[in-house]
1. Among the residues of the stretch B:118-134, is there at least one that is crowded, with 19+ Cβ neighbours inside 10 Å, of a type in the set (S, T, N, Q) and either within 26 Å of B:R240 (Cβ to Cβ) or in contact with a strand residue (DSSP E or B) (Cβ under 6 Å, 6 or more places away or on another chain) (or both)?
2. Given the structure, is A:V35 farther than 26 Å from B:R96 by Cβ and β-branched (V, I, T)?
3. In the set A:Y83, A:Y99, A:Y142, which member is within 25 Å of A:F56 (Cβ to Cβ), out of contact with any strand residue (DSSP E or B) (no Cβ under 7 Å at 6 or more places or on another chain) and not acidic (D, E)?
4. Look at A:V22 and say whether it is within 30 Å of A:R177 (Cβ to Cβ), over 19 Å from the mean Cα position of the chain (by Cα) and of a type in the set (V, I, T).
5. Could you give every pair whose Cβ atoms fall below 6 Å, whose first residue belongs to the stretch A:103-118 and is closer than 17 Å to A:L75 by Cβ, and whose second residue is in a helix (DSSP H, G or I), counting only separations of at least 6 or pairs across chains?
6. Residues in the stretch A:67-78 that are surrounded by 20 or more Cβ atoms within 10 Å (Cβ to Cβ) and within 19 Å of A:Q150 (Cβ to Cβ): how many?
7. Taking strands (runs of 3 or more DSSP E) that do not extend beyond the stretch A:151-266, which have at least 3 residues that are charged (D, E, K, R)?
Amino acid sequence: MPGEPALEVRDLRKSFGRVEAVAGVSFRVGAGEIVGFLGPNGAGKTTTMRILAGIFPPTAGEVRVAGHDLVREPLACRRAVGYFPEYAPFYPDLGVQAYLGFVARMKRIARAAQAGAVARVLAACGLDGVAHRRIGALSKGYRQRVGLAQALLGEPPILLLDEPTIGLDPAQVVEMRELLAGLRGERTVFFSSHVLAEVAALCERVIVIARGRLVAEGGPGELARRLGGRRRIVLKVDGPPAEVAGALGAVPGVLTVEPAADGFVVEGASEAELARAVGEAVKQRGWTVLELRHETPGLEEVFLGLVRDGPHSA
Amino acid sequence: MTVVAVARKELALYFGSLFFYALAAVFLVLAGYRFYTNLGFFVLMGGTDVARGLWQYQLLDVQGLLLVLVPLLTMRLFAEERKLGTLELLWTYPVRDVEVVVGKFLACVAVVVLLVAATAVHPVILTRFYPVPPGPLVAGYGGLVLLGAAFVGCGLFVSALTESQLVAAAATYGILFFFWMVTWNEAALSEGSLRLLLPLSLFDRFYPFARGAIDTRDVAYLVLFTLACLAFTLFALDTRRWRGLR
């Protein structure tokens with residue numbers, strides 16, 4: 001892991017009444033890393049993010065942000081962090097620039113530097129054109145940018161971004177992704193998402209949690225490989241479906257056969273063997289193979305596999 | 001200064017909302033109407049003591065109007081931020097809770113002071129026709145500001161407990177009306193409970209001010225009441241936070 005840890009989380013727990021939202025999570029994020037934080041809804045991502053941002057304290061466990069203890073030195077931690085909450089909240093009646101001016105003062109940026117700092121984030125987030133508009137009158141995409149702008153303001157070394165692309169249209173998602181990619185190396189970015197393509201495109205490392213526990217940690221490629229042991233082909237055959245399924249299931253090396261859109265998805269241990277064996281079995285019965293292609297499980301399925309099956313140690 | 005930053009933001013939100021202007025208009029029109037009728041009464045009854053005959057009635061009327069006005073000003077202070085989710089964002093900045101609480105309190109008090117000060121136009125008009133000794137008025141207006149600040153403290157505390165502005169306003173009315181009515185029907189209370197409740201009445205503390213007298217005990221009571229409300233507010237915010245409530 002490169003550099004000193006920017007975030008260090010040890011056995012983090014958070015309970016809301018009887019519900020344990022985070023049940024003992026530990027991880028480290030090195031300075032300058034871009035790390036994705038994955039998990040299904042309700043996994044404890046947002047709760048973890050909120051704790052790291054200083055919104056509420058953990059029930060148990062140790063959290064260090066930029067070397068400071070979160071509970072004992074909350075203000076030092078918050079100074080090091082820019083937080084972008086899911087569903088970026090704002091004062092709808094304030095103008096963009098007025099709002100960012102307020103944030104600059106809240107972040108204790110020196111008075112003389114405030115105007116410059118606000119101007120920089122306005123430009124960086126493409127908000128120059130709407131600087132004097134009321135936030136409530138902005139489109140969702142622009143509001144998300146305002147959210148990112150307030151997180152970037154004051155150049156905090158660590159950015160915590162909770163689902164930064166949620167609710168954006170595809171063009172805006174690409175823009176947001178470029179904005180984040182532009183921060184590579186400059187800042188530590190820890191962002192949660194359930195859009196796996198985004199994580200694969202941006203992150204060097206992924207941390208996956210489910211049901212409040214860490215289930216995997218590693219590079220996106222590495223995670224895909226780890227669960228990609230099974231090979232899979234998609235097959236279309238011009239035979240009676242029930243019989244075809246039966247015949248395919250009887251082929252040696254085939255583990256599962258599942259009907260898919262006008263065809264079958266066949267899983268087995270070895271790709272080349274699987275295709276040949278299946279092809280021959282179809283031919284023997286006098287049917288014709290209309291289509292046969294290989295499929296590698298994407299991060300999407302890796303993720304689903306992890307979340308369903310539980311912990312896979314890194 | 002983050003306190004100033006919070007206060008500035010709150011003032012910008014007040015002065016940027018139509019609701020505030022509607023509220024201010026209703027307050028000032030009603031205060032003006034009461035001045036008109038009180039003056040009529042004073043003239044008709046051939047009053048000689050302007051402090052007791054006119055200002056006492058007028059200041060008590062303005063006090064009643066403040067009772068109606070302030071909960072509508074304070075209801076949004078924390079409830080709205082909680083509903084919008086902006087409160088959470090505030091906690092991610094390097095500010096202490098106390099700075100946020102004091103900033104909001106000062107902004108709302110400033111608004112109340114502004115509105116109360118605007119009613120000073122009545123005595124100013126009167127000076128053109130009738131001698132108006134300023135002393136009792138200064139006491140009366142000072143009392144209104146102290147009482148207004150106490151109302152704001154109470155409303156701020158209640159607003160920190162909920163994310164519904166309506167609930168915040170209703171509960172603030174409930175508390176303030178309780179403090180008002182607590183001594184209304186003294187005959188219905190036993191002597192013991194009266195002795196216990198009488199000092200609690202926020203409004204009994206205002207009577208001496210309305211008559212033009214400043215008693216340090218009344219000042220101390222109103223200031224302590226306000227400070228206690230601010231402390232409760234901090235406590236409420238902290239408790240909700242530890243419990244992880246939004």
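1. No, the conditions are met nowhere in the stretch B:118-134.
2. Numbers: farther than 26 Å from B:R96 by Cβ: yes; β-branched (V, I, T): yes.
Yes, satisfied.
3. Details: A:Y83 fails: out of contact with any strand residue (DSSP E or B) (no Cβ under 7 Å at 6 or more places or on another chain); A:Y142 fails: within 25 Å of A:F56 (Cβ to Cβ).
From the options A:Y83, A:Y99, A:Y142, the qualifying one is A:Y99.
4. Numbers: within 30 Å of A:R177 (Cβ to Cβ): yes; over 19 Å from the mean Cα position of the chain (by Cα): no; of a type in the set (V, I, T): yes.
No, not satisfied.
5. Hits for this filter: A:V103/A:Q150; A:A104/A:Q114; A:A104/A:A117; A:A104/A:V118; A:R105/B:A5; A:M106/B:T2; A:M106/B:A5; A:I109/A:A117.
6. To start, the set of residues in the stretch A:67-78 that are surrounded by 20 or more Cβ atoms within 10 Å (Cβ to Cβ) comprises A:70, A:77-78.
Checking which are within 19 Å of A:Q150 (Cβ to Cβ) leaves us with A:77-78.
Counting residues in the stretch A:67-78 that are surrounded by 20 or more Cβ atoms within 10 Å (Cβ to Cβ) and within 19 Å of A:Q150 (Cβ to Cβ) gives 2.
7. Values: elements: A:158-162, A:188-193, A:205-210, A:213-218, A:231-237, A:254-260.
Where strands (runs of 3 or more DSSP E) fall fully within the stretch A:151-266 and carry at least 3 residues being charged (D, E, K, R), they are A:231-237.
Here's the yes/no breakdown for (1) aliphatic (A, V, I, L, M); (2) modelled with pLDDT of 85 or more; (3) closer than 11 Å to A:G36 by Cβ:
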{"site": "A:R143", "(1), (2), (3)": "no, yes, no"}
{"site": "A:L179", "(1), (2), (3)": "yes, no, no"}
{"site": "A:R184", "(1), (2), (3)": "no, no, no"}
{"site": "A:L196", "(1), (2), (3)": "yes, no, yes"}
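The values are calculated or read from the model by the stated rules, or taken from the named source; none is laboratory data. Keep in mind that what you see is a predicted model, and the values were worked out from it rather than measured. Because the Cβ atoms are built from the backbone with ideal geometry, glycine has one as well, and the counts that use them run over all protein chains shown.
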